[in-house]
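Visitor: Encoded as structure tokens, here's the structure I'll be asking about.
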Amino acid sequence: MNGRPVSGRTGPADGQVLVEIADLVAAVTLDRPPVNALSSGFYEQISAALARVADSPEVSVMVLASASARAFCAGADVTELAALSGPESARADARRQELARRVFGQLLDLPQPVIAVVDGPAIGAGAVIASCADMRMGSPRASFALPEVAVGRCGGGRHLMRHLPQGIVRRMFFTAQPLASEEALRFGFLDSVHDSAALGPAAMARARDIAAYSPLALRLGKAALNESEPLPVSEGYAVEQQYTLRLARSADSREALAARREKRAPRFTGQ
């Protein structure tokens, strides 16, 4: 498989995002050496890659990883931040923040399930990107940090609160100290930890297992989970039931039941 870069409107200094699609799995790789620092241009490239994946009927699952051996993602490009000055600085900073919100929202709302593969530090906005995935698999090198207070900023605490206890998020925020992989696993933020060499293959194996299910069931299931998440239990379950009724009327639902009854592999069409 040959990864194809998704290019933004910026030059090589903003790196590239590789998108490789095969067997209903999109492998998306962040590649901005040395540590995937998030410049405005890199945010735009990530956004373009996510839009491509979201629109593709050939993708049932996305795996998000890093090409860097040093980090999953080091967060904001501090060089770009330091260069913001003069009367246009506030506007440029607001633009960066809008780009960040766009990318985080695209990840959260991506129609397909997302697995983040974290083999190194995920810092600031990098930790938020990991948090926006549906699942996170890591190595012992994985860690998650919200160090913004150390550089006069506020971080992505609200995103981490979806997964971690308030006390842990506030400890991360006010101390700027990272959450190690062992603690992240204990709190369920990471669902598994693998040696670095085994991590990528384990993530791809999981993705292929998930991709064997109906693409329609995966998309409707994710929509149901996202829509019901902020609701009280009874209201959220009612939302899930509506999605269940929609799925039950589909050809894929009938095929899943027939395949199980006939003890054969299903042939899904996404209809």
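The values are calculated or read from the model by the stated rules, or taken from the named source; none is laboratory data. The structure presented is a predicted model; accordingly, all values stated were derived computationally and were not measured. Cβ coordinates were reconstructed from backbone atoms using ideal geometry, including for glycine residues, and neighbour counts include every protein chain displayed. Keep in mind that these areas ignore ligands, DNA and RNA; they rest on the heavy atoms of the full protein, side chains included. Shrake-Rupley method; radii C 1.70, N 1.55, O 1.52, S 1.80 Å.
Visitor: As an exercise: evaluate Gly157 against (1) under 18 Å from Ala74 (Cα atoms); (2) in contact (Cβ under 8 Å) with a residue 24 or more places away in the chain; (3) not polar (S, T, N, Q) and give the number of the one condition it does not meet.
Guide: (2) is the only condition that Gly157 fails.
Visitor: For Met1, state whether it is at pLDDT below 95 and either of a type in the set (A, V, I, L, M) or surrounded by 16 or more Cβ atoms within 10 Å (Cβ to Cβ) (or both). Let's see the steps before the verdict.
Guide: Working: at pLDDT below 95: yes; either of a type in the set (A, V, I, L, M) or surrounded by 16 or more Cβ atoms within 10 Å (Cβ to Cβ) (or both): yes.
Criteria met by Met1.
Visitor: Within segment 222-250, how many residues turn out to be without any contact (Cβ under 8 Å) to a residue 24 or more places away in the chain, among the aliphatic types (A, V, I, L, M) and open to solvent by less than 80 Å² (accessible area, probe 1.4 Å)?
Guide: Adding up the residues that qualify gives 5.
Visitor: Looking at Leu108, is it within 15 Å of the chain's Cα centre (by Cα) and surrounded by 14 or more Cβ atoms within 10 Å (Cβ to Cβ)?
Guide: On the way: within 15 Å of the chain's Cα centre (by Cα): yes; surrounded by 14 or more Cβ atoms within 10 Å (Cβ to Cβ): yes.
Taking the combined requirement at face value, the residue satisfies it.
Visitor: In segment 9-61, what residues are more than 16 Å from Gly105 (Cα to Cα), of a type in the set (D, E, K, R) and either open to solvent by less than 50 Å² (accessible area, probe 1.4 Å) or not in a loop (DSSP other than H, G, I, E, B) (or both)?
Guide: Asp14, Glu20, Asp31, Arg32
Visitor: Something else: May I ask you to verify whether Ala74 is under 25 Å from Gln97 (Cβ atoms), open to solvent by 10 Å² or more (accessible area, probe 1.4 Å) and touching a residue at least 40 places away in the same chain (Cβ under 8 Å)?
Guide: Taking the combined requirement at face value, the residue satisfies it.
Visitor: Here is a further query. Can you name the condition, by its number, that Ser40 falls short on among (1) more than 19 Å from Ile123 (Cα to Cα); (2) at pLDDT below 95; (3) not charged (D, E, K, R)?
Guide: It is condition (1) that Ser40 fails.
Visitor: Could you check segment 77-105 and list, in sequence order, the residues that are in contact (Cβ under 8 Å) with a residue 60 or more places away in the chain and within 30 Å of Leu225 (Cα to Cα)?
Guide: Ala100, Val103
Visitor: While we're looking at this one, here's another question. Collect the residues in segment 164-214 that are over 18 Å from the mean Cα position of the chain (by Cα), surrounded by 17 or more Cβ atoms within 10 Å (Cβ to Cβ) and hydroxyl-bearing (Ser, Thr, Tyr), keeping them in residue-number order.
Guide: Scanning segment 164-214 gives Tyr213, Ser214.
Visitor: I would also like to ask the following. Quick one: which of Ala142, Ala94, Ala90, Ala69 is over 22 Å from Leu220 (Cα atoms), hydrophobic (A, V, I, L, M, F, W, C) and crowded, with 24+ Cβ neighbours inside 10 Å? Break it down into steps so the answer makes sense when it comes.
Guide: Values: Ala94 fails: crowded, with 24+ Cβ neighbours inside 10 Å; Ala90 fails: crowded, with 24+ Cβ neighbours inside 10 Å; Ala69 fails: crowded, with 24+ Cβ neighbours inside 10 Å.
Every option except Ala142 fails the conditions.
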